[in-house]
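J.: The following block contains the structure, expressed as structure tokens.
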Amino acid sequence: MAENDFQNKTVCVTGAGRGIGKSLALRLAELGAKVIAVSKSDENLKQLAAQNNKIIPVCVDLCDWNATKEAIKPHLPIQLLVNNAAVAILDSFLEVKPDDFDSLFNINVKSIICVSQEIACDLIERKMSGSIVNVSSQAASAALKDHSIYCASKAAVDGLTRVMAMELGAHQIRVNSVQPTVVLTDMGRIGWSDDKKAAGMLSKIPLNKFAEVEDVVEPIIFLLSNKSQMINGVSLPIDGGFLAT
């Protein structure tokens, strides 16, 4: 990816404290972007910022709408945004709890609206173009056992992405999402360490492997970059063919 796509650009990455968000923040900083790294874990942010001086840590709980907007404001304008923060609470459908529903939708969906509104309104006022990538999941398009609320929240992310693309496109702000399969972050490796559980999922992936973090980071960077100027409103599977079967 050409570095000049990101030189003199400011990128906001939510959920940047670990996993995909952390790797993405570091990669974007390497490409020359100023990175606003958002997480509720101050310790994770300190470790991340110590690795590259182009990374600016912002510690805020994305469940707090007003605090989130206030935390973003000082760093505007932000031309590029990756809404990556998400949580998963697994339960069978018959055991879904109201509090778990609220937690997942607050982080996985509502925080996208909050952060994107703040950044997009500012870009529109300044008449600047931009690109937003929402991190969805294969769970948006396929039923996964014990993932009732998670599947619903990620389907909401993709629906939201399409409307954002339609409404913000007129202002030259592109909005797309990515739908990863199981990603082998530190948490992913623990969650899928059981061979029997892993074999069941792998059998549904034609490439017969899970995604590495870089497999998700690079497509996101492509969607942020000038190489994808006519891609808008797309939900891109990064799943080894899972959704094709």
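Only the coordinates and a few stated rules stand behind these numbers; no lab work does. Please read all numbers here as calculations on a predicted model, not as lab measurements. Here the Cβ is made from the backbone with ideal geometry for all residues, glycine too, and neighbour counts use every protein chain on show.
J.: Could you let me know the centre-to-centre spacing of region 133-190 and region 35-58, using Cα atoms, in angstrom?
T.: Spelled out, the Cα-based centre of one part sits 24 Å from the other.
J.: 5 Å is the cut-off here: which amide hydrogens, built 1.01 Å from N in the peptide plane, fall below it relative to Ile36, excluding neighbours closer than 5 in sequence?
T.: Correct list: Val11, Cys12, Val13, Ile56.
J.: What distance in nm lies between label points placed 7 Å from Cα along the C-beta direction at Cys121 and Leu184?
T.: Between Cys121 and Leu184, the label points sit 4.3 nm apart.
J.: Same structure again: Under a 5 Å amide H to amide H cut-off, with H placed in plane at 1.01 Å, what residues pair with Ser235 once short-range neighbours are removed?
T.: Ser177
J.: Rank these for me by crowding, Phe105, Phe242, going from fewest to most other beta carbons within 10 Å.
T.: So the residues, fewest neighbours to most, are Phe105, Phe242.
J.: Any idea what % of Cα-Cα pairs in the chain are farther than 30 Å?
T.: Value for the chain: 21 percent of Cα pairs lie more than 30 Å apart.
J.: Per residue of region 223-240, in order, report the coupling 6.51 cos²θ - 1.76 cosθ + 1.60 (Karplus, θ = phi - 60°) as ³J(HN,Hα) in whole Hz, putting x for Gly and Pro.
T.: So the Karplus estimates, Gly and Pro as x, are 5, 6, 7, 5, 5, 10, 5, 10, 9, 8, x, 9, 10, 8, x, 10, 9, x Hz.
J.: Normalised by the residues of region 3-235, what does the relative contact order come to in percent, with Cα pairs under 8 Å and at least six apart?
T.: 18 percent
J.: Then there is this: Within the set of other residues whose C-beta is less than 13 Å from the C-beta of Ile56, count the net charge using Lys and Arg as +1 and Asp and Glu as -1.
T.: Within the 13 Å Cβ shell, the charges total +3.
J.: Among Lys154, Lys204, Lys54, which one shows the highest mean-square fluctuation when the chain is modelled as a Gaussian network with alpha-carbon springs under 10 Å?
T.: Per the Cα network of the chain with a 10 Å cutoff, Lys204 tops the list.
J.: Ok, one more. Between Asp102 and Asn4, what's the calculated FRET efficiency when r is the beta-carbon distance and R0 is 45 Å? Round to 0.05.
T.: So, using R0 = 45 Å, E works out to roughly 0.55.
J.: Something else: Which entries of Lys69/Lys127; Lys69/Lys204; Lys54/Lys110; Lys46/Lys110; Lys110/Lys145; Lys22/Lys204 have Cα-Cα distances beyond 31 Å here?
T.: Pairs exceeding the cut-off: Lys69/Lys204.
J.: Moving on. Using a cut-off of 14 Å between beta-carbons, work out the net charge of the residues near Glu214 (Lys and Arg +1, Asp and Glu -1, Glu214 not included).
T.: Taking every other residue near Glu214 into account, the sum is -1.
J.: Got a sec? How would Arg126, Arg162, Arg174 order by Cβ neighbour count within 10 Å, fewest to most?
T.: Arg126, Arg162, Arg174
J.: Could you give each residue of region 183-200 its phi-based ³J(HN,Hα) in whole Hz, using Karplus coefficients 6.51, -1.76, 1.60 with θ = phi - 60°, and x for Gly or Pro?
T.: For region 183-200, the Karplus curve yields 10, 7, 6, 4, 5, x, 5, 5, x, 10, 6, 6, 4, 5, 4, 5, 4, x Hz.
J.: Go through region 62-75 residue by residue and turn each phi into a ³J(HN,Hα) via Karplus (6.51, -1.76, 1.60, θ = phi - 60°); whole Hz please, and just put x for glycine and proline.
T.: Each residue of region 62-75 in turn: 5, 6, 8, 4, 5, 5, 5, 4, 5, 6, 7, 3, x, 9 Hz.
J.: Using a Förster distance of 35 Å, how high is the FRET efficiency between Asp61 and Ser203, based on the Cβ-Cβ distance and rounded to 0.05?
T.: E between Asp61 and Ser203, to the nearest 0.05, is 0.35.
J.: OK, next. What ranking do Cys151, Cys59 get, fewest neighbouring Cβ atoms within 10 angstrom at the top?
T.: Cys59, Cys151
J.: Taking only Cα atoms and a 10 Å spring cutoff, compute GNM fluctuations for the chain and point out the largest among Leu81, Leu62, Leu26.
T.: Leu26
J.: Per 5 Å bin, what percent of the C-alpha pairs of region 113-245 does each bin hold, from zero upward?
T.: 2, 10, 18, 21, 19, 12, 9, 6, 3, 1, 0
J.: Find out how many positive minus negative residues lie around Leu236, taking Lys and Arg as positive, Asp and Glu as negative, among other residues whose Cβ is under 14 Å from that of Leu236.
T.: For residues surrounding Leu236, the net value is 0.
J.: Another question about this same structure. Pop a pseudo-label 7 angstrom from the Cα along the beta-carbon direction at both Lys196 and Lys227 and give the gap in nm to one decimal.
T.: Each label point lies 7 Å from its Cα, and together they span 4.2 nm.
J.: Would you calculate a helix-derived [θ] at 222 nm for the chain, using -39,500 (n - 2.57) for each DSSP H run of n ≥ 4 and dividing by the full residue count, to the nearest 500?
T.: That comes out to -12500 deg cm²/dmol.
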